[in-house]
Amino acid sequence: MRSKRFERIAQRPINKDTFVRPWPEVGLSAAHSPFDPAPSLAIRDGAIVEMDGVASGDFDLVERFIALHAIDLGTAERAMATPSREIAKMIVDVNVPRRQVLDVIGGCTPAKLVDVINQMNMLEMMMGMAKMRARRTPANQAHVTNRKEHPALLAADAAEAALRGFAEVETTVAVARYAPFNALAVLVGAQAGRGGVLTQCAVEEATNLRLGFKGLTSYSETLSVYATERAFVDGDDTPWSKAFLNAAYASRGVKTRFTSGAGAPALMGHAEGRSMLYLEARSLLATRAAGSQGSQNGSISCIALPESLPEGLRAVTAENLIAMLLGLEVASGNDALASHSEIRKAAKLMLQFIPGTDFITSGYGTIPRPDNMFGGGNFDVSELDDWHVLQRDMRIDGGITPVTEERVLAARMRGAKALQAVFARLGFPPITDAEIEAAVTAYGSEDVPDRDRVADIDAAQRLQHGPMTVLEVIAALDAGGYGDVAANVLEMQRQRVIGDYLQPSAIFDERFRVRSALTDPNDYSGPGTGHRVDGERWAQLQALPQAWEPREWLASLDGGGSAPWLEELGTAQPGKGMEVIVAVGPAYGRALTRTIGGLDHRDVLDAIVAGLKEGGVAARVVRIWHTSDCAFIGHAGAQLSGSGVAIGLQSKGTTVIHRRDLVPLENLELFAQAPNLDIEAYRRIGYNAALHARGEPAPPIAVRSDNTARLRLIVQTMLLHRRETGEVEREREPTEMRMVDAGPR
């Protein structure tokens, strides 16, 4: 017998989201883990000798960095002695000035910060955010990307975003080598729409620095910080290197904030049993210790992971508040697709929309969701009017201004035409009038013509690695009849020399006046007890019938021992001649036997090898043992490959084409959405790798994009990656493998 009501309810969008029961040991706990430490601090001779139950001699690198640089020893003993509930009341008490709260919080350890926050309910946290955010005036950041990386469309979209009032415009790339052109397009387009808009291109750090030094970007938030030592090391960084990068950007007048967020260490397999909130407190203290003026946090691209757990959204709001309590600028998420349910998505937004943050979204997709190369985006251009109405209904400034169609078309035309002039003057592949017309009226990239992507990539690389800087761009704009846009771009460079916009929470108004925590400080001053969900009632609310057991799911995937079709031949040696290595992860065909898309590992490997043979290149299979990271698997394979080119293949199906001379986190092609790869896609990956090995042009492979994949599969992704990480043998050398016929599948 079935209830027809329950059958209908089961089809609701909310039940397409993922819900699991907590599993603290692997990091599947949002705000409370039995393994989180209790707050403690001991100071001797002006130095911290114990923090949160760990003696200084046993500090990991994150704890050491926090102890050396994040804790205010002048207020620490008083702060730690103050009951957490009392500090929580100070946060929401309108009679306690913000400065006084910042003072006491400066002496808190990570566990103390979490203990303070865990005294507060959602309403109180929102009240605290209204008081504690750094800048009085909320703002918004826009995402401007497109699947074709079409420069005229990027410029037109950036101009529209600037006109609509976005204080920042962020772009990224599907293919890393496009980065200089994408940065140039959003710079010119944004300054055509409104002077003073900050722009960035989110790419690998060395490329990002070069773009900043050339004057093509004015801020960065690509400096990711991690909460555990292993996550930092796997991320190819340390807190000290992040501090150095922060200083490198500042030395060239580039505003910088770090990026962290709930769920990242768990997704990397290094949560160490701690709750997401506790780990994020560590990341935020490391951010402050490194001297960054702000943080992009709020779970960001991991949002579906905390949302799968009880009180996940509470933990995300809490991390925003902790960042504010530490005096950091806060770009508070609301960027990555967060739910199938429009109700849940709007509810999440309200937690930052109502109290206000420095950047309510980081950022809002001002392009169609399929064009958002950051993973779909929580909001897109079709929802701008919804945002406008919310601002009107609530009398709230959400950082976006309603504008007429006529003004938008004019701004889009000016942005695209200005970029056309720059391309013409600097000898880049021309942007035709037909492309301009299409870009101005386009909804998305399907409305603009294709370009010669190989020629664009070639020109972009000349821009990146040659002597050209923003000065040539300014001259080209002026000579092309866009003197006002040239003046805006030049003023951005002058402001970098002045350096005022390196202040915390800094943005420009349209007259290039800096609005920051210093020039536009938050002066809000205006709780009581209330209903707390506890005990039996709290247990009832957690016990969702559709929440599945992650332990059971993971156990069902156990592949047992070594695959009979993949034979070990001994330690892999450097190759010679024209070959491409297919480097597989430590669990591939052993502890795991299928990709996250359900493809048999044997079929996937057969397809890749077939593609390589079709491309005229020999294939060699090597198992990498020391890492489970796709980029590092591919990089390790490339070091052994005779051609210097390798394919890195994780057990869950994520794939990369790598080359020996590239750093691990840079690559030739990355295929991150494993659920959307079919057997034919893997064959084409093999073929493209062969082209790269032979030094022939290899147009990037277009792979179907599914922006709901993360929502549906992020927990499975994390568990599969954890399983692979569990097979890592750090000291073991790569192993030569041979595929053998083991009978039917």
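If I ask for residues that are outside any helix (DSSP H, G or I) and among the acidic types (D, E), which ones from region 483-509 would you list?
At the first step, the residues of region 483-509 found to be outside any helix (DSSP H, G or I) are 499, 503-509.
Matches in region 483-509: D509 only.
Of the listed requirements (1) closer than 20 Å to V656 by Cα; (2) out of contact with any Ser or Thr (no Cβ under 8 Å at 6 or more places or on another chain); (3) hydrophobic (A, V, I, L, M, F, W, C), A693 misses just one: (2).
If you go through region 293-321 and keep only what is at pLDDT 95 or above, among the small types (G, A, S) and in contact with a Phe, Trp or Tyr (Cβ under 8 Å, 6 or more places away or on another chain), you end up with G294, S295, S308. The residues of region 301-348 that are part of a loop (DSSP other than H, G, I, E, B) and closer than 16 Å to R282 by Cα, listed by number, are L326, G327, L328.
If the condition is being buried (at least 23 other Cβ atoms within 10 Å of the Cβ), part of a helix (DSSP H, G or I) and over 31 Å from the mean Cα position of the chain (by Cα), then region 580-618 contributes G611, L612. The set of residues in region 405-428 being assigned to a loop (DSSP other than H, G, I, E, B) and either crowded, with 16+ Cβ neighbours inside 10 Å or under 29 Å from the mean Cα position of the chain (by Cα) (or both) consists of F428 alone.
Just so you know, in region 619-642 the residues that are surrounded by 24 or more Cβ atoms within 10 Å (Cβ to Cβ), of a type in the set (G, A, S) and not in a helix (DSSP H, G or I) include one that is nearest to the chain's Cα centre (by Cα), and it is S628.
Among what's in region 643-669 and is of a type outside the set (G, A, S) and under 21 Å from L719 (Cα atoms), pick the residue that is surrounded by the most Cβ atoms within 10 Å (Cβ to Cβ).
Step one: of region 643-669, the residues of a type outside the set (G, A, S) are 645, 647, 649-650, 652, 654-669.
Filter once more, keeping what is under 21 Å from L719 (Cα atoms): 649-650, 652, 654-656.
Values: L649: 30, Q650: 28, K652: 26, T654: 26, T655: 27, V656: 28.
Residue satisfying both the conditions and the ranking: L649.
Note on region 375-398: residues that are outside any helix (DSSP H, G or I) and either at pLDDT 90 or above or closer than 17 Å to K345 by Cβ (or both) total 7.
Take region 469-487 and flag every residue that is surrounded by 15 or more Cβ atoms within 10 Å (Cβ to Cβ) and under 10 Å from R425 (Cα atoms). Of everything in region 469-487, those that are surrounded by 15 or more Cβ atoms within 10 Å (Cβ to Cβ) and under 10 Å from R425 (Cα atoms) turn out to be E472, V473, A475, A476, L477, G480.
Yes/no per residue for (1) within 15 Å of T366 (Cα to Cα); (2) of a type in the set (A, V, I, L, M, F, W, C); (3) not in a helix (DSSP H, G or I):
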{"position": "K148", "(1), (2), (3)": "no, no, yes"}
{"position": "A158", "(1), (2), (3)": "yes, yes, no"}
{"position": "A174", "(1), (2), (3)": "no, yes, yes"}
{"position": "F181", "(1), (2), (3)": "no, yes, no"}
{"position": "Q191", "(1), (2), (3)": "no, no, no"}
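Just one of the listed residues (V728, V703, V663) is in contact with a His (Cβ under 7 Å, 6 or more places away or on another chain), assigned to a loop (DSSP other than H, G, I, E, B) and among the aliphatic types (A, V, I, L, M), and it is V728. The combined condition, being under 29 Å from N522 (Cβ atoms), aliphatic (A, V, I, L, M) and not assigned by TED's automatic domain parsing to the domain that holds E229, is fulfilled by A158.
To keep it simple, each residue is scored yes or no on (1) at pLDDT 70 or above; (2) in contact with a Phe, Trp or Tyr (Cβ under 9 Å, 6 or more places away or on another chain); (3) under 30 Å from R732 (Cβ atoms); (4) surrounded by 11 or more Cβ atoms within 10 Å (Cβ to Cβ).
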{"site": "H531", "(1), (2), (3), (4)": "no, no, no, no"}
{"site": "A547", "(1), (2), (3), (4)": "yes, yes, no, yes"}
{"site": "P550", "(1), (2), (3), (4)": "yes, yes, yes, yes"}
{"site": "L554", "(1), (2), (3), (4)": "yes, no, yes, yes"}
{"site": "S562", "(1), (2), (3), (4)": "no, no, yes, yes"}
{"site": "L569", "(1), (2), (3), (4)": "yes, no, yes, yes"}
{"site": "M578", "(1), (2), (3), (4)": "yes, no, yes, yes"}
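Could you tell me whether any residue of region 678-695 is closer than 29 Å to E272 by Cβ and surrounded by fewer than 19 Cβ atoms within 10 Å (Cβ to Cβ)? No - not one qualifying residue is present in region 678-695. Looking at region 334-355 only, could you name the residues that are crowded, with 23+ Cβ neighbours inside 10 Å and either of a type in the set (F, W, Y) or in contact with a strand residue (DSSP E or B) (Cβ under 9 Å, 6 or more places away or on another chain) (or both)? Selection gives N334, D335, Q352, F353.
Taking the residues in region 429-447 that are assigned to a loop (DSSP other than H, G, I, E, B) and aliphatic (A, V, I, L, M) as candidates, determine which candidate is nearest to I457 (Cα to Cα). Across region 429-447, the extreme among qualifying residues is I431.
With A742, A674 as the choices, which residue is modelled with pLDDT under 95, surrounded by fewer than 19 Cβ atoms within 10 Å (Cβ to Cβ) and among the aliphatic types (A, V, I, L, M)? Even if it seems obvious, please write down each step before you answer.
Numbers: A674 fails: surrounded by fewer than 19 Cβ atoms within 10 Å (Cβ to Cβ).
The unique qualifying residue is A742.
Only one residue in A479, A455, A439, A434 is at pLDDT 95 or above and under 26 Å from E168 (Cβ atoms). Which one?
Details: A479 fails: under 26 Å from E168 (Cβ atoms); A455 fails: under 26 Å from E168 (Cβ atoms); A434 fails: under 26 Å from E168 (Cβ atoms).
It is A439.
Only one of R98, R85, R164 is touching a Ser or Thr at 6+ places or on another chain (Cβ under 9 Å) and in the same structural domain as S40 (by TED's automatic domain parsing). Can you tell me which?
On the way: R85 fails: touching a Ser or Thr at 6+ places or on another chain (Cβ under 9 Å); R164 fails: in the same structural domain as S40 (by TED's automatic domain parsing).
None of the other options fit; the residue is R98.
Tallying residues that are at pLDDT below 95 and in contact with a strand residue (DSSP E or B) (Cβ under 9 Å, 6 or more places away or on another chain) within region 63-110 yields 1.
A single entry from S33, S40 fulfils the requirement of being in contact with a strand residue (DSSP E or B) (Cβ under 8 Å, 6 or more places away or on another chain) and on the phi < 0 side of the Ramachandran plot: S40.
The values are calculated or read from the model by the stated rules, or taken from the named source; none is laboratory data. All of these numbers come straight from a predicted model, not from anything done at the bench. Glycine also receives a Cβ, built like all others from the backbone with ideal geometry; neighbour counts cover every protein chain displayed.
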